[in-house]
Amino acid sequence: MDQKIISLAAEKTADRLQEFLQSLKDNDLANLLQNQAVKGKAAGALLRAIFKGSPCSEEAGALRRLKIYICGIHLVESGDLQKEVASEIIGLLMLEAHNFPGPLLVELAREFVGAIEEGSLTNKSLELLPIILTALVANKENLAYGKGVLSGEECKKQLINTLCSGRWDRQYVIQLTSMFKDVPLTAEEVEFVMEKVLRMFSKLNLQEIPPLVYQLLVLSSKGSRRRALEGIITFFSELDKQHNEEQSGDELLDLVTVPSGELRHVEGTVILHIVFAIKLDCELGRELLKHLKAGQDFSNNICPFSIALLLSVTRIQRYEEQVFDLLKASVVKSFKDLQLLQGSKFLQNLVTQRSCVSTMILEVVKNSVHSWDHVTQGLVEFGFILMDSYGPKKILDGKTIETSSSLSKINQHACKLGANILLETFKIHEMIRQEILEQVLNRVVTRASSPISHYLDLLSSIIMYAPLVLQSCSSKVTETFDYLSFLPLQTVQGLLKAVQPLLKVSMSVRDSLILVLRKAMFASQLDARKSAVAGFLLLLKNFKVLGSLSSSQCSQSIGVSQVHVDVHSRYNSVANETFCLEIIDSLRRCLGQQADVRLMLYEGFYDVLRRNSQLANSIMQTLLSQLKQFYEPEPDVLPPLKLEACILTQGDRISLQEPLDYLLCCVQHCLVWYKSRVMPLQQEEEEEEGFYQDLEDMLESVTSRMIKSELEDFELDKSADFSQNSGVGIKNNICASLVMGICEVLIEYNFSISNFSKNKFEEVLSLFMCYKKLSDILNEKAGKGKAKTANKMDSFLSMKFVSDLLTALFRVLLWRYTSIPTSVEDLGKKEKGKSISLLCLEGLQKIFSAVQQFYQPKIHHFLRALDVTDNEGEEAEGSVSHRAAFQIRQFQRCLLNLLSQEEDFDSKEALLLVTVLSNLSRLLEPSSPQFVQMLSWTLKICKENSWEDASFCKGLMNLLFSLHVLYKSPVTLLRDLSQDIHGHLGDIDQDIEVEKTNHFAMVNLRTAAPTVCLLVLSQAEKVLEEVDWLITKLKGQVSQEILSEEASSQATLPNHPVEKAIIMQLGTLLTFFHELVQTALPSGSCVDILLKDLCKMYTILTALVRYYLQVCQSSGGILKNMEKLVKLSGSHLTPLCYSFISYIQNKSQSLTCTGEKKGKAPAVATAMARVLRETKPIPNLIFAIEQYEKFLIHLSKKSKVNLMQHMKLSTSRDFKIKGNILDVVLREDEDDNEGTASEHEGQNKEPAKKKRKKEMKCLS
């Protein structure tokens, strides 16, 4: 039968074929086709013949064609056919699809949709569906679909709708997504399909996601690129979050979770697919950047996955700069937000703290271990960009200037993040280590003129992590050594300190460094020689000699290079000793060089001795022989030291040749250390103590003779010349500084060996009197000159000596206070001008500040040490808050005692106590009861004390505000203070008497302005900044919700608490400004800052109105509270602002007139400058008010609420130019003055109807 059909099909006409086919039953025909296809015999030819004999023009033929078509599909789906036969049948079915009439195409498409929903379709025949849908779109006739009649395009839309609304079997998702790329889709349909595919992500196995993402990205070329990217990023962001929660969970989960490695590999593959797609489709890259810029704050856009994606995109050159800028902005914004949140309880209550971007980036570094090579390069570049952009910027006298502003702290955090990224990447990725090391060293060498401490810290961390690993990169390090002679001393010291662990493991690096240092020792540049000394001293400190104290602490036993480094080995310690003695020999030659080089040597020897005690003999012999050159051996000769020999005269140029004070300082430190640490262990070996006895005798002799010496012996009495212009003057100044330095050194030496004996203390006092006499002469001579001497001496007294001396003095003082306190106090006052208690307090305040700034981790130990009553057992329970609170109570009592002394109130002491309390209060946990107690106590002091001291008031109010913001928002505090200021300073309308409030006694006529006024204005600025930040956040959320329309129906509900809080803040601030704009503030900064803050207030009100315009656009409404706020601004602020402007202008005019009457040019110029400064912000304020009113009009139209009913248009602005008046003004200057005055009178009529103070009650 099959042969007959094929032979009939070969005829020219198809009539006989049609007749024959009609005579057969459809089932027989289908069975025939099936048998032929299964056998693999000419199934294609048979199918072609059947289609030829079943024309669509006849109904029977069309139905037969449909049945055979469906039969062909089932055959292919059955899997019984050979691959070639199946492909041939599919090809024929594809070709025939376009010949079907519209209704049958709909039928076929429905058949497919049904099969997909039932899950009875395999993947082979799916490629027919796009062709059927394409044919349907091309069909121009109207078709019956459901109960209606639709065009082919509309039918396709309905079918896609049905398909995407139905259930998809997991196995079809990738093929269906791939299929849609061949279907002609409208933008709306693409979005519909996209949403369906994204919903399917969570139902698939992890391994199926990358191919699906690939197909989705191909599909996105038809549209909805942004939605595709958003969906992928959100999916992986949620997956990461879930994965982290599972890993941090304590209990074992029954569910089989995704292994970390598998998840990261999948993410890596997906990122590669996206980057590849962006290379082919620029629009996709633009959409990615737009999407991530838009939602930096308000969604899951910025997450570890999206950061990794962005870092991979940096490999595409056109996006590199944009991506790094976006990441930098995100990091800085994240740190700023964190800072803002940490400093405000008001914000903490409203906003949940999201994970910081820096944490996410470090998570990306950790994840990149799973073969994310495409991310690693971006990480390294970004790390260096952060360090380059946000590292320390300024240098002064070779030292980096650290500023404590909030911006500088953010920069420090960003720079530290860059260093962490590089260090962690270095640890994880072996391939990239060489590059990181090279880049760090290049920056150290090439950026010598700018601060590089952050690079040196990073280098040190890298080398500390793995000195052995760096042996492979040692050539780069030795190359860097060649530049040592040309680098600044600080850089050399930092670099050598950083590479020190490497010197211990690599003999070649050490040898090359020694060669470089030896060359530098004889270089012509002074800095190069100083660098050589610094390098050699560092080597001496770090290469231990056997028998040195604590050698085990610094030993480093490292496998590969133990021959070179293991200091426990006898051979190495001997080698080290030889090596160190060679170095000391080289350094001895420096004792004949300039003073700066010698000085470095003396400063370094003591450190070397402490680290390498076996070198004591060599070092102290060197010092002894050097000191002998300047020591007078005869016991009767005064002075005991040859100061003349220390000074070098070359023609007219006089300079210091030998820093004798530094030499003596080094000798005394080494001697005391040797006596206390080394000698107790060397009791038997007395032959080595010759130098020790000699040095001790010399210092004893110098002490006694220095006490006997008069200033005349040094030729430094009052008649001596100390001017910097003459050679004699310069020489005398050098001698004086040497003598003062020697006195200080001897004071410390004698105190340290005194064992509290009376004789030694008398010697110490005699030395101090010598020091003081010389110091007074120098100060007196300097005072007569034009300026103080610039070269103020550094003290030679060590921190240990100062702390020992103060402890001893304090014990004595404590006894004196309890027995005869007044005499001590009086004596102190006569001596110094400052009482001893005040000096103690100053010292204490500085100590608290220093500990908080530099020793943050040790604060707990510090507070424990302060607590004399502390027992060991209480160590655990005493938290920092408890211990700080204990100290706070002591100082609170002191301040209360001071405040109770009405006659003898010492404002300096009070201010110091407030500063100490401020320092201590920072240690309290804001949630602790101690913090609340501190706040209420400060509030009480401010309310009940009325000292008229501006600096004390400022300190106390600053303390109050710094505490209050961490407890709740300070707006009500600001309102009360503004009422007090208004009450004390009076009203701008002199006819109105203001009812005085007395919320805070601290606010009085003396402190109200400018002190308190400027403080409250700066606090108001901070509150406005917080509100502005919240409004920006809300705006971002609304934009996100408008983009994803699904969420827009419930968009405004979650924001209500934040909106209410914003409105309440602005409402209370409005009443605050309402008071201040009516206050007769003095000219100057108060007026200037008030105008600027009012301008900010209106700008932020405008921002809130614009937010509500957005809300109305997304079918939300405005809150009743917002209507009240607008009403309040119209009735209680705007009119008063215009009155205040008139008041300033009138005042400015009278000021100018006064200056002119006096007739003095400087007075007129000063008055004019002040007028210009104060009136400059006025146009900005008026513009801000008008912008606010303009957007209110828009909002009234949008919300159908009349918000303008309480707004009165001002009469203060009339810019109409009247020609006739202008002519008169140009002719007569007097008329001009009269005209201006009358105009201002007219302006003042409206505000004159001002309400009295009592009306304010309705605002609270």
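The values are calculated or read from the model by the stated rules, or taken from the named source; none is laboratory data. Note that this is a predicted model, so its numbers are computed, not measured. Please note: Cβ atoms are built from the backbone with ideal geometry, for glycine as well, and neighbour counts cover all protein chains shown. What goes into the accessible areas is simple: the full protein's heavy atoms, side chains included, and nothing from ligands, DNA or RNA. Shrake-Rupley method; radii C 1.70, N 1.55, O 1.52, S 1.80 Å.
Numbers for the structure displayed
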| item | result |
| --- | --- |
| Boolean, residue 753 is in contact with a helix residue (DSSP H, G or I) (Cβ under 9 Å, 6 or more places away or on another chain), open to solvent by 10 Å² or more (accessible area, probe 1.4 Å) and touching a residue at least 60 places away in the same chain (Cβ under 8 Å) | yes |
| Out of 545, 567, sole residue that is closer than 23 Å to residue 673 by Cβ, over 41 Å from the mean Cα position of the chain (by Cα), surrounded by 15 or more Cβ atoms within 10 Å (Cβ to Cβ) and at pLDDT below 55 | 567 |
| Positions within the range 154-198 being under 14 Å from residue 132 (Cβ atoms), in a helix (DSSP H, G or I) and among the charged types (D, E, K, R), in sequence order | 156 |
| Positions within the range 975-999 being within 20 Å of residue 1070 (Cα to Cα) and among the hydrophobic types (A, V, I, L, M, F, W, C), in sequence order | 977, 981, 985, 988, 994 |
| Any hit, the range 909-931, residues being more than 27 Å from residue 807 (Cα to Cα), open to solvent by 40 Å² or more (accessible area, probe 1.4 Å), of a type in the set (A, V, I, L, M) and at pLDDT 85 or above | no |
| Residue in the range 160-176 that is aromatic (Phe, Trp, Tyr) and farther than 21 Å from residue 267 by Cβ present | yes |
| Test: residue in the range 425-439 that is closer than 22 Å to residue 335 by Cβ and either in a helix (DSSP H, G or I) or at pLDDT below 90 (or both) | yes |
| Filter result for the condition that a residue is in contact with a Lys or Arg (Cβ under 9 Å, 6 or more places away or on another chain), touching a residue at least 12 places away in the same chain (Cβ under 8 Å) and under 21 Å from residue 267 (Cα atoms), over 292, 288 | 288 |
| Residues of the range 227-238 classified as open to solvent by 30 Å² or more (accessible area, probe 1.4 Å) and under 28 Å from the mean Cα position of the chain (by Cα), total | 3 |
| Selection from the range 951-973 of residues that are among the aromatic types (Phe, Trp, Tyr) and open to solvent by less than 20 Å² (accessible area, probe 1.4 Å) | 952, 961 |
| Of all residues in the range 677-699 being among the polar types (S, T, N, Q) and modelled with pLDDT under 85, the one that is least open to solvent (accessible area, probe 1.4 Å) | 682 |
| Subset of the range 706-733 (residues that are assigned to a helix (DSSP H, G or I) and surrounded by 19 or more Cβ atoms within 10 Å (Cβ to Cβ)) | 706, 714, 730, 731, 732, 733 |
| Subset of the range 186-220 [of a type outside the set (Val, Ile, Thr), farther than 20 Å from residue 239 by Cβ and surrounded by fewer than 22 Cβ atoms within 10 Å (Cβ to Cβ)] | 187, 188, 189, 191, 192 |
| Residue match in the range 987-1001 (condition: in contact with a strand residue (DSSP E or B) (Cβ under 9 Å, 6 or more places away or on another chain), open to solvent by less than 20 Å² (accessible area, probe 1.4 Å), over 27 Å from residue 911 (Cβ atoms) and modelled with pLDDT of 90 or more) | yes |
| Answer residue from the range 338-395, given it is of a type in the set (Phe, Trp, Tyr) and more than 18 Å from the chain's Cα centre (by Cα) and is farthest from residue 922 (Cα to Cα) among those | 372 |
| Residue identified as over 33 Å from the mean Cα position of the chain (by Cα), surrounded by fewer than 21 Cβ atoms within 10 Å (Cβ to Cβ) and of a type outside the set (Phe, Trp, Tyr) among 1005, 1024, 977, 1014 | 1005 |
| Given (1) modelled with pLDDT of 90 or more; (2) not in a loop (DSSP other than H, G, I, E, B), index of the condition residue 1046 fails | (1) |
| Looking only at the range 797-814, and only at residues there that are small (Gly, Ala, Ser) and either at pLDDT below 80 or assigned to a helix (DSSP H, G or I) (or both), the one that is farthest from residue 661 (Cα to Cα) | 808 |
| Which listed residue is open to solvent by 30 Å² or more (accessible area, probe 1.4 Å), aromatic (Phe, Trp, Tyr), more than 17 Å from residue 777 (Cα to Cα) and out of contact with any Pro (no Cβ under 6 Å at 6 or more places or on another chain), from 674, 662 | 662 |
| Residue that is farthest from residue 965 (Cα to Cα), among those in the range 1066-1091 that are open to solvent by 10 Å² or more (accessible area, probe 1.4 Å) and of a type in the set (S, T, N, Q) | 1083 |
| Qualifying residue in the range 604-612 (condition: within 30 Å of residue 713 (Cβ to Cβ) and not acidic (Asp, Glu)) | yes |
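Condition check ((1) aliphatic (A, V, I, L, M); (2) modelled with pLDDT of 75 or more; (3) surrounded by 20 or more Cβ atoms within 10 Å (Cβ to Cβ)) across all residues:
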residue	(1), (2), (3)
139	no, no, yes
145	no, no, no
149	yes, no, no
160	yes, yes, yes
165	no, yes, no
169	no, yes, no
174	yes, yes, yes
177	no, yes, yes
